[in-house]
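Please read the structure below before turning to the comments.
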Amino acid sequence: MLRRSFLHNVLLALGAISLLTVLVFLPSFYLLTFIFTRWDEIYNEIFAHPLIGDTYWKEIGRYLSLSLRLALTTILIDLIIGVPLAYLLSRGSFPGKSLLEDLTMLPLVIPTSGFGFATMLAWTASYGLPAILGFDIKVDTLVPMVNVPLLMLIIHVALTFPYVVKTVCGALRDIGKSYEIIASSLGSKPITTFRKITMPLIVPSLLSGLVLAFARSLGETGATMIVAGVSTTAPIAVVKWEFENKLAPAAFLGALLVGISLAIIVPIEYLASSSRRARRLIPLGVEVLLVRWERKAPGRLRLFRDIISLLSIALLVLLPIAVLAYNAMIYWRQDPYTGRMEGGILYQLYGPARYIDVIAKSMMTSLIVSSLATLISTYVAMISIPVIARSGYGRLLRIMLKVPLVIPTSALGLAMILLWGPRGLGLVPPGLWLIVLTHVVFSVPVIVETGLASYFETNLPLYEDTARSLGATPYDVMETITIPMIRRGIIAGSLLAFTHSLGETGATFIVMGDHTTVSTLIVNLVESLAIPASIFASLVLILTSIVFIVIIRHLIE
Amino acid sequence: MPDIKVVDVYKRFGRIVALDGVNLHVRDGEYVCIIGPSGSGKSTLLKIIAGIIQPDRGDVFFDDVRVTDLPLEERGIGMVMQDILLFPHMNLWDNVTFSPLTRGYNREIIVNIGNEVMNLLKIRADKKAYPSELSRGEQQMIALARALASRPRVLLLDEPLASLDAHAARALRYELRRMVKELGLTAIHVTHNQEEALSIADRVVVMRKGKIEQVGTPLELYLMPKTPFVSRFIGGEANFLEGHVAQKYGNKAVIELRNGTRLCTYTHLPQGSHVLVAVRPEHIVLMKKTKEIHGENMLEGTIEDKNFLGACIRYVVKTKEGSLIVRMRRGVISFRIGEDVALRLDKVVIFEYPKEGLLKAIAYE
């Protein structure tokens, strides 16, 4: 009996680990090893090309520099708007709070290319917000000091600030109000309490939120492509080189991106999980002065916080979607400016170009891909969760599962094609199945995370042990106890993964071959200047995702 | 220092009424314990006095100044909670001196106050140690020091000993009272442990279902409970018997229990009233059964069960009026299970029989 259950355990663990390794871990690490195995090729192409010398190396430097500046500026702004918003969401109670929460999380699930397009419309169109306010933003408007394109910065902030809000909100809820209440009973003003108590306690989560945001910004491809104009970020360069069949620089840059992400995430995750002890950074004398200044500070800060929060949601999330919907309305029959019917959505969809067919076909592809990827990922996740939760090496697996969440999507796509495609193992040609496999890579971690959360929330190990003590085999336990109890977590995770998959652009672009998903189609439509059709496709895609978000919300509640 | 008045306070959370018209007067320098079963509203009352939550109706006065709208940080209270809540990222010294620091005092004053409270509480732990390196008892000591360093006028204690082990809780219990009396503070201490409350409070407030059931000195509550609930809650166990007033001579009365046992006692209730008789287990004396049972307030019975409680022994005795719980000092005399005994009810409390029935009248919820 004992030996049989031991065998069960070993088999389950082996199965889970091998599935995770092949499907999830292998591609990213393959890309890193690629540099070493093909170093000669890379060296000759990038550093010592017979014709162009080290031109590629210089280009790589330029693209990386832009990406890094962009990512750093992005997380700086994320910090400024994310913390007040998280504070408002976790501490405030006001009507419409759950709506505000949903709006905050929207950029995490709506398709990036559609959202990027909507943002571009909102900020550059002649009736957009800046025009109303009387200044002009173009795709090549640069932010002073850091020299990153403003539009790119806006879209990156919009796509990454939810990570900061989410993690900080979670941390604030975990520590609760009690420390703050104690601090005020000791006579501390709210601002002093925030600086000395709340802030130090949330620093670990804030750091991991910022790291996620940083990695996401470093790897963002889909929306960036749309607003890129003439600027090229590192992930876009990977896509570009891959298309031009310049594999060596693409792989090298991709590996650099993966390396940078890992180099930042691993130490900070480690730091975040280590002790919560704060050293006194400010000498006591200065601290006393600071406190006195804080005691005199006006009590209006709360208002300031609320304004920042609401304004950022309105500008970053609501405005683009509203403008997109408005555009769909005015472009419906004809181009609103020239009045020409050819410029209307209806004509583009049903006219000679028959974009409706293309959109419908790619929508179909998207749905098939997302469903398959989600199905496979859910299965893998269900096997992995008990293994990760209950085994000694589970923590390691859990950290490794963060990798696919942060590696740049275009690098991921490249890794997939290098590993599985004709130049690698030659098992899966670019096309529908490779897209599915690629989406599995980032879907599994999403489902595992939400599943694990509900695993620990429901105190499942206790119930599992009880079932085992009543004589159930590990397999019976999984079927009758584990899976039913974390079902809601898994379903919510699956839906989240589904929406991710529906909106994924960067990696899909590289691995899709002749198939087109709707999110990549939008990039193509924008690039071919079929604006009305893009408006329509973006709106359809965003609305579909919103429906899913509502369903997820309903399931989680 | 101040005198605290709570006037007609109501508070509801959704459909649950947490406080239903509470009036309380805590005198200057008094140590008051609030006890009651969980959900009785005792913590809510404390939080309203602290200013953590606002009452729906009613007011709180410190020294006759209305403080209902005054924010927590300006009420001059010190709080010690069940969850201890030392700031985990600060060492002991920074925890203790947090209050003087955030009040913007000078360096020297901060250091002085810190040293003063550490000496007062005889804290010998390393000032640079972090809370997680201490035992729960030591942590609560530091939390007390931190609260005292804010120079509070009122000390509010919310189950401060509930998360400590029995030994540490008992030691800190008397320390708390000593400290409060030495500094002349007004203290309000919420607990569900009636023994703790009786042993340190000047006065005890018994709460139930959002209302104050009785306020009095520990002795008053013990000897003269106003309701069946209080008589059971104080002491934990009580025997309840049903009967009626058979005869009355002035305040003196003869109560006849259901199965004919007669008790001589005092009551203001008129002849014929349906009554509930409460007898504490320690107010019943067991004796060897002689041939004839005579004398007042006597019953006969058989020992059904016996539990060893340390200083005393708990017997369950079957009598014609039902099973009675008896607690007797160990060593004087001892009985075997099955032995026939005589019981004498030394002190009984007579209540009008509750209209809602006995079980409802003494239920904790």
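Here the contact order of the range B:83-137, divided by its residue count and restricted to Cα pairs under 8 Å and six or more residues apart, works out to 52 percent. The mean sequence distance of close C-alpha pairs (under 8 Å, at least 6 residues apart), as a share of the length of the range B:239-362, puts its relative contact order at 28 percent.
Where in chain A are the DSSP H helices whose alpha-carbon span along the long axis reaches 30 Å or more and whose Kyte-Doolittle mean is at least 1.0? Qualifying helices, which must be both long enough and hydrophobic enough, are A:150-175, A:247-273, A:355-390, A:432-457, A:531-556.
Across the range B:203-216, rounded Karplus estimates of 3J(HN,Hα) from the backbone phi angles (6.51 cos²θ - 1.76 cosθ + 1.60, θ = phi - 60°) give 9, 10, 10, 9, 10, 7, 6, x, 10, 8, 7, 6, 10, x Hz, Gly and Pro being marked x. Rounded to the nearest Å, what's the spacing between the alpha carbon centres of the range B:23-81 and the range A:47-65? Just the number, please. What the calculation gives is 71 Å, centre to centre. Inter-chain Cβ neighbour count for B:106-115, averaged per residue, equals 1 (cutoff 10 Å, partner chain atoms only). Summarising the strand pairing of the protein assembly as shown, around 80 percent of its internal DSSP beta bridges are antiparallel. Think of chain B as having a plus end and a minus end, set by charges on the Cβ of Lys, Arg, Asp and Glu; of B:ASN193, B:ALA50, B:ILE142, B:ASN193 sits farthest toward the positive end of this dipole.
Modelled spin-label separation between B:ILE16 and B:THR68, with each label point placed 7 Å from Cα along the Cα-to-Cβ direction: 2.4 nm.
With a Förster radius of 56 Å applied to the C-beta separation of B:ARG136 and A:ARG354, the computed FRET efficiency comes to 0.15. Inter-chain neighbour count for B:87-98: the average number of beta-carbon atoms from partner chains within 10 Å of each residue's beta-carbon is 5. For B:TRP93, A:TRP241, A:TRP39, the sequence from fewest to most other C-beta atoms within 10 Å is A:TRP39, B:TRP93, A:TRP241. Across chain B, the mean sequence separation of Cα contacts (distance under 8 Å, 6 or more residues apart), normalised by length, yields a relative contact order of 16 percent.
Taking label points 7 Å from Cα along the Cα-to-Cβ direction, A:THR21 and A:ILE175 give a separation of 4.1 nm. Once both labels are positioned 7 Å from their Cα atoms along Cα-to-Cβ, the gap between A:THR33 and A:LEU529 label points is 4.8 nm. Among residues other than B:ARG27 whose Cβ falls under 12 Å from its Cβ, what is the net charge (Lys/Arg +1, Asp/Glu -1)? Counting the neighbours of B:ARG27, the net charge comes to -3. Qualifying GluC sites (Glu not before Pro) in the range B:248-299, where qualification requires a DSSP coil assignment and no more than 15 other C-beta atoms within 10 Å, comprise B:GLU292, B:GLU296. Close amide-amide hydrogen proximity is noted between B:GLU352 and B:LEU276, each under 5 Å apart and 5 or more residues distant or on a separate chain (H modeled in the peptide plane; Pro and chain starts excluded).
Based on DSSP H segments of at least four residues, each scored -39500 (n - 2.57), chain B has a per-residue ellipticity at 222 nm of -6500 deg cm²/dmol. Label point of A:LEU133 set 7 angstrom out along Cα-Cβ; within the range A:151-186, amide nitrogens under 13 Å from it belong to A:151, A:154.
Greater than 25 Å separation of Cα atoms is the criterion. Which listed pairs, A:LYS58/A:LYS402; B:LYS5/B:LYS42; B:LYS289/B:LYS360, meet it? It would help to have the intermediate numbers written out before the result.
Details: A:LYS58/A:LYS402 31 Å; B:LYS5/B:LYS42 15 Å; B:LYS289/B:LYS360 36 Å.
Distance filter (> 25 Å) returns A:LYS58/A:LYS402; B:LYS289/B:LYS360.
Taking other C-beta atoms within 10 angstrom as a stand-in for reagent exposure, B:GLU195, A:GLU287 fall in the order B:GLU195, A:GLU287, fewest first.
Considering the dipole of chain A built from charges on the beta carbon (Lys and Arg +1, Asp and Glu -1) around the Cα centre, which of A:GLY285, A:PRO352, A:ILE17 is farthest to its positive end? It is A:GLY285. Sorting A:LEU11, A:LEU206 from the fewest to the most surrounding beta carbons within 10 angstrom yields A:LEU11, A:LEU206.
How many Cβ atoms of partner chains, on average, are near each residue of A:177-183 if near means within 10 Å of its Cβ? List each step's numbers first, then the result.
Values: counts 1, 5, 6, 1, 9, 14, 7.
Across the residues of A:177-183, the mean count of other-chain Cβ atoms within 10 Å is 6.
Would you kindly calculate the mean projected area, averaged across all directions, of the convex hull enclosing the Cα atoms of the range B:4-228, in square nanometres?
For the range B:4-228, averaging the hull's shadow over all directions gives 12.8 nm².
Were the residues from A:ARG553 through A:GLU479 laid out at 0.36 nm apart, the gain over their Cα-Cα distance would be 24.1 nm. Relative to one another, the C-alpha centroids of the range A:458-476 and the range B:289-341 are positioned 48 Å apart. Over chain A, DSSP H runs of length four or greater, each weighted -39,500 (n - 2.57), average out per residue to a 222 nm ellipticity of -23500 deg cm²/dmol.
Bear in mind these aren't lab numbers, they're just calculated from the coordinates by the rules spelled out. This is a predicted model, so every value here is computed, not measured. Counting neighbours? That spans all protein chains shown, and the Cβs are built from the backbone with ideal geometry, glycine included.
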